[in-house]
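**Student:** Dumping the structure here so I can ask a few things about it.
The values are calculated or read from the model by the stated rules, or taken from the named source; none is laboratory data. From a predicted model like this one, the values you see are computed outputs, not experimental measurements. Cβ placement follows ideal geometry from the backbone for every residue including glycine, while neighbour counts extend to all protein chains displayed.
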Amino acid sequence: MGRFEVADENKVSKISEGTVIKGEIISPNDMRIDGAFEGKMVVKGKVTIGESASINGDVICYNAEFWGKMDGNVYVKDTLVLKEGCTVNASLNIRKLAVELGSTFNGSCRMISEAEFDSMAGEGQKVLKDKAQHSASGKVAVN
């Protein structure tokens, strides 16, 4: 199956504090969320959930740092860091986990291999590839 490679670290998409988004986000870049998001997020790079952020849904990404609140399912190909003050009520499917003192985690944690991640994240990876092909061909894909 296709590789889930690291995104360009100089590009970061951001949802600012006070912003509320419901739906699906698919990004080939890193993502920082300081607002509220409900839905499914597929990010080729790193996801940072800021202190003021509230997430409810699925997060599929390469790396992640949680400072805020997360409810749902998390799939991380490499490392998830739960920072001091975060509240995570989720099913974690990850390769590596770092938990700081003062973080709160309620849920399940399953350590997975890269192959398992690729299988679980397959649909999201396909969408990212399709978007890249449309961009390269000059076609615009609107969801």
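**Student:** Conditions first: (1) part of a loop (DSSP other than H, G, I, E, B); (2) modelled with pLDDT under 95; (3) not small (G, A, S). E84 passes all but one, so which condition is the exception?
**Tutor:** Result: E84 passes all but (2).
**Student:** Now for a different question. Among the numbered criteria (1) assigned to a strand (DSSP E or B); (2) within 19 Å of I15 (Cα to Cα); (3) charged (D, E, K, R), which one does D78 miss?
**Tutor:** (2)
**Student:** Further question: For residues that are within 19 Å of N73 (Cα to Cα), touching a strand residue (DSSP E or B) at 6+ places or on another chain (Cβ under 6 Å) and assigned to a loop (DSSP other than H, G, I, E, B), scanning just the range 1-46, find the one that is modelled with the lowest pLDDT.
**Tutor:** Result: F4.
**Student:** On the basis of being more than 28 Å from T19 (Cβ to Cβ) and modelled with pLDDT under 90, does D118 make the cut? Break it down stepwise before answering.
**Tutor:** Details: more than 28 Å from T19 (Cβ to Cβ): yes; modelled with pLDDT under 90: yes.
Yes, satisfied.
**Student:** Failed condition for D78, given (1) out of contact with any Lys or Arg (no Cβ under 6 Å at 6 or more places or on another chain); (2) modelled with pLDDT of 75 or more, with all others met?
**Tutor:** (1)
**Student:** Which residues, counting only those in the range 45-59, are farther than 16 Å from K14 by Cα and surrounded by 23 or more Cβ atoms within 10 Å (Cβ to Cβ)?
**Tutor:** Narrowing the range 45-59 to residues farther than 16 Å from K14 by Cα: 56-58.
Residues satisfying the conditions do not exist here.
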